[in-house]
Amino acid sequence: KAKENGKSIYSEYNNSMNAAFSERMNIEKYLHTAMKRDEFELYFQPQLDLSSNKVIGLEALVRWKSPELGNVSPMKFIKVAEDTHMIIPLGEWVLIQACDYLSHLFKSGYPKMVMSVNISSIQILQEDFTDRVTEILKCFNIEPRYLELEITETRLIEAFDTVYNKLRLLSDMGIRIALDDFGKGYSSLNYLNQLPIHTLKIDKCFIDNVSLENEKTVVTKHIISMGKDMGLSIVAEGVEMQEQLEYLKKYRCDKMQGYIFSRPLPKSELEKLLKSMNSDKFKAVPRGA
Ligand code: C2E
Ligand code: MG
Ligand code: MG
Ligand code: MG
């Protein structure tokens, strides 16, 4: 009996391994041609300033609409893109599209805001990464302070010194650096002390359970105050409920991003939202003016 159980557990494990493996193989197979076939699109999630209630930033998030696989989550394909180094052309495409769009928003007369772009450490390690970023900003006539690069700590360890030097260079140029998913990794505090960053994005898992009722959630308020003591701008990720918002306001978190305000949106919907928020102040600059 025990043997039978063991066997069925093994084959279940084996089946799910196979399923995961073949999903990955499929992603790899179709990711290869996805760029040529123009299957990627950028969505933008607004970041709200908690004291003024204004949109002060946008995070660019890539979407893949594959004719063969349907909509594939970046949580699945970014890892594959990194492993295959497809992230290098894809990441550059994202950066160009995001800057192009920001310059469109500025030209159309929308209020100034910061564009945040997720960057894989594989991109940063490319020899010409800092030059490419500079060129792209120049090409779209965007001041460095309107670009924020979001990095995650997961792969930083591999080449800390190189990554550090590049981030220093970018930061000295005036580009903002954000540490994404803070708290999810294992040596966060160490990086916080060492990296030249401007923004701390608190991972959703530290936001999920906060409320003024639940005094067990002391860690989050200490992360906020520690970050602020270090002079960082604090962004709460994944805010979905009013209780969370109240907590964040009480403990003076600077900004938030989350479904409670808006999901990531395609361009046309984002512009509708921006217009409705500024309906009294917004005046589009006529084309050619
Ligand atoms: P991230 O950078 O931490 O982005 C935040 C993720 O949380 C996004 O998922 C966003 O849609 C989701 N989110 C925002 N607010 C809420 C909320 O209130 N509730 C919930 N449940 N989720 C919320 P998304 O778009 O699926 O992206 C997942 C991850 O994929 C990103 O996490 C980022 O690490 C990566 N990614 C996305 N686009 C790019 C890209 O262009 N380049 C790179 N290197 N990575 C990217
Ligand atoms: Mg991010
Ligand atoms: Mg990220
Ligand atoms: Mg994050």
At a threshold of 8 angstrom on Cα-Cα distance, excluding pairs fewer than six apart, so keeping six or more, what relative contact order does the chain reach in percent?
17 percent
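Just to confirm the filter: which GluC sites (Glu not before Pro) across region 163-267 are DSSP coil and have at most 15 other Cβ within 10 angstrom of their Cβ?
Working: sites: 213, 215, 237, 240, 243, 246; in loops: 213, 215, 240.
Passing sites in region 163-267 are 213, 215, 240.
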Once you mark the chymotrypsin sites (Phe, Trp or Tyr not before Pro) that are in a DSSP loop and have at most 13 other Cβ atoms within 10 Å, what is the longest gap between them in the chain?
1-185
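Using the Cα centre as the reference, give the magnitude of the dipole from point charges on the C-beta atoms of the chain (Lys, Arg: +1; Asp, Glu: -1; all else neutral), rounded to the nearest 20 debye. Before the final figure, lay out the partial values.
Numbers: 38 positive and 40 negative charges, 127 e Å.
Its charge dipole is roughly 600 debye.
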Would you calculate a helix-derived [θ] at 222 nm for the chain, using -39,500 (n - 2.57) for each DSSP H run of n ≥ 4 and dividing by the full residue count, to the nearest 500?
-14500 deg cm²/dmol
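For region 1-126, what is the percent of antiparallel DSSP beta bridges, rounded to the nearest 5?
Values: 12 of 16 bridges.
Of those bridges, close to 75 percent are antiparallel.
Taking only protein heavy atoms and a 1.4 Å probe, what accessible area per residue, in Å², does the chain have with all protein chains in place?
Details: 15560 Å² over 289 residues.
About 54 Å² of surface per residue is accessible.
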So how strong a dipole does region 121-180 carry about its Cα centre when Lys and Arg Cβ are +1 and Asp and Glu Cβ are -1, to the nearest 20 debye?
140 debye
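Using the eigenvalues of the Cα gyration tensor, what equivalent ellipsoid semi-axes result for the chain when each is taken as the square root of five times the eigenvalue, whole Å, largest first?
Working: eigenvalues 205, 136, 92 Å².
Those come to 32, 26, 21 Å.
Rounded, prolate or oblate: which fits region 57-155 when a ≥ b ≥ c are the square roots of the eigenvalues of the alpha-carbon gyration tensor, with rounded for a/c under 1.5 and prolate only if a/b beats b/c? Walk me through the numbers before you get to the answer.
Working: a/c = 2.05, a/b = 1.38, b/c = 1.48.
Oblate, because a/c is 1.5 or more while a/b does not exceed b/c.
Give 76/201; 138/272; 166/255; 107/267; 29/79; 107/201 a once-over and call out the pairs whose C-alpha atoms are over 24 Å from each other. Display every interim value, and only then the final one.
Details: 76/201 21 Å; 138/272 28 Å; 166/255 26 Å; 107/267 15 Å; 29/79 14 Å; 107/201 28 Å.
Among 76/201; 138/272; 166/255; 107/267; 29/79; 107/201, the Cα-Cα distance tops 24 Å for 138/272; 166/255; 107/201.
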Return the loop-located trypsin sites (Lys or Arg not before Pro) in region 170-220 (DSSP other than H, G, I, E, B) with at most 16 other Cβ atoms within 10 Å of their own Cβ; answer none if there are none.
184, 216
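The values are calculated or read from the model by the stated rules, or taken from the named source; none is laboratory data. In this text, all values refer to a predicted model and were calculated from it rather than measured experimentally. Note that we place each Cβ from the backbone using ideal geometry, even for glycine, and neighbour counts take in every protein chain shown. These accessible areas exclude ligands, DNA and RNA; they are computed on the full protein's heavy atoms, side chains included. Shrake-Rupley method; radii C 1.70, N 1.55, O 1.52, S 1.80 Å.
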